[in-house]
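The next block holds one structure in the form of structure tokens; read it before the comments.
Read-outs throughout are calculated quantities, based only on the coordinates presented, and are distinct from any laboratory measurement. Nothing here was measured: the structure is a model prediction, and the numbers come from that model. Please note: Cβ atoms are built from the backbone with ideal geometry, for glycine as well, and neighbour counts cover all protein chains shown.
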Amino acid sequence: MRQTLMLLMCTAVSGIALADAPMHHWLVDADDFADDMSSAQRVEIEQMLARNRLLLARHLQTIQPSDAEISTQIAQEIMAQKSSAHIEQIAQTGLAWPLSANTNFIGFDYHGISNFVDHDPRFPGFVKDYTCGTRTYDNAAGYNHAGTDYFLWPYPWLMMDQEQVAIVAAAAGQIIGKSDGNFDRSCAMGNGEWNAVYVQHTDGTVAWYGHMKSGSVTSKSIGANVAVGEFLGDVGSSGSSTAPHLHFELHGPNGDIVDPRHGQCNAAPDLWAITQAYEQPTINSLSTHSAEPSFVACGVSDGQPVDENPQYQDAFEPAATLWVFAAYHDQRNGEITHFSIERPDHSVWQAWDFDLASEGLPKPFYAGTGWDWSYVLPADAPHGLWTINAEFQGQAYAHAFTVGSAESRDVGAVAAERARIAVLLARCRPGNTPVPADCSSTRHP
């Protein structure tokens, strides 16, 4: 993540401090959450899956990797795969959302998408996603990105270590391969093996779920069936990976890469149960802190695990410094956020508008961003429940905090409000169907 220092500009207008420049920002570029796989690794995986399919078909209970007796049949199985192609189950039912927040996650959203499938076979430097855009990549070794990368945001390493986001089955099927126990704090491309689960569907398509956290992979054995939405593992950064994310890759019965998103540069039908927009501008989190959140470039330092430190705080004394942090995914120039901080009587204490374009950044769009502002509360700040509000792209967000002495701060009120809204948030996660009508109401973690 790139970090740029900015000076806060405040101007007093009618007793309300107006500001549009954050103190710092954090930006997600495509290579911040990326991966690759050598052709040798891909062949090894394909052979493993073909072998497992053959053994499962023979109703063998034990899979012996060194069993040379069926090597010829494995080759025949791979060739048979490539001889025909049809996608029926997925086309009929559609793919469900492949992630799910665990019970310890509190926020509006937990993800962003850094990269899609590359539809331009040339390399390097020739990229084309399903819309003919450039949210994808390739490399000089001939790898064209073959899946969709869902990254954790805004605290990827902390979210990974706390197992806040699970990887779940996007379609029902049979586990035909899995790997676990590999190093899961990778911060760069390499030759490491990933932790992954491979699920084959009844129409012969196979979903690859990669980069899982070590030790989190489902305990179900190869050959077991999984239902839509069933737990497969937790998001990690195993294998050739630059930070915690899910690499979701779909293969057709013929072994070819299938991009489940339809667009100008992918004539195939959309395979998602709920069609997903190319850009989904969203505030992932809106929170208060005792100090500026600290980020890490990698989840390992001097051989030891490290995490981000959000410095969360929801209770403040008058005259204390209040840090406000907002994290987005899919933020573009011209998309204005209206922020305000309200006193307990709902009068506005601070208000400001924020536009990515005001920062003069090199790009007009980022898959993930983070911004913070700092304010000193008045010495005579009224005690009680205060609220930070944000309106962004037609959606309202809010976060409550308390001001007052240690004896008078109504921390319980904040906890009760969060518990009430947590129920609503759980029902409004991406991919839920049908979408409840109240999911368009104020979001308030």
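P(r) tail for region 279-332: Cα pairs beyond 14 Å make up 64% of the total.
Computed from the Kirkwood radius of its Cα pairs, the Stokes-Einstein diffusion coefficient for region 313-353 at 20 °C and 1.002 mPa s stands at 168 µm²/s. Each principal axis of region 310-393 carries a Cα extent, and these read 42, 26, 18 Å when sorted largest first. Shape analysis of region 119-198 yields a ratio of the Cα radius of gyration to the Kirkwood radius, Rg/Rh, of 1.00.
When the convex hull of its Cα atoms is viewed from all sides, region 190-320 shows a mean projected area of 13.0 nm². Take the Cα of THR275, step 7 Å toward its Cβ, do the same at ALA224, and the gap between the two points is 3.7 nm. The distance separating the Cα centre of region 174-250 from that of region 277-342 comes to 29 Å.
Geometric descriptor of region 152-257, per residue, is 94 Å³ (volume of the convex hull of the Cα atoms).
Summarising the label geometry, the points placed 7 Å from Cα in the beta-carbon direction at CYS265 and CYS132 lie 1.0 nm from one another. Rounded to whole numbers, the Karplus 3J(HN,Hα) couplings from phi for region 348-355 are 7, 9, 9, 8, 7, 9, 9, 10 Hz, using 6.51 cos²θ - 1.76 cosθ + 1.60 with θ = phi - 60°, and x at Gly and Pro. Overall shape of region 116-157 was characterised from the C-alpha gyration tensor. The equivalent ellipsoid obtained from it has semi-axes of 22, 12, 8 Å, in decreasing order. Model label points for ALA40 and ALA291, set 7 angstrom from Cα along the Cα-to-Cβ axis, are 4.6 nm apart.
Placing +1 on the Cβ of every Lys and Arg and -1 on the Cβ of every Asp and Glu, with no other charges, gives region 101-163 a dipole of roughly 200 debye about its Cα centre.
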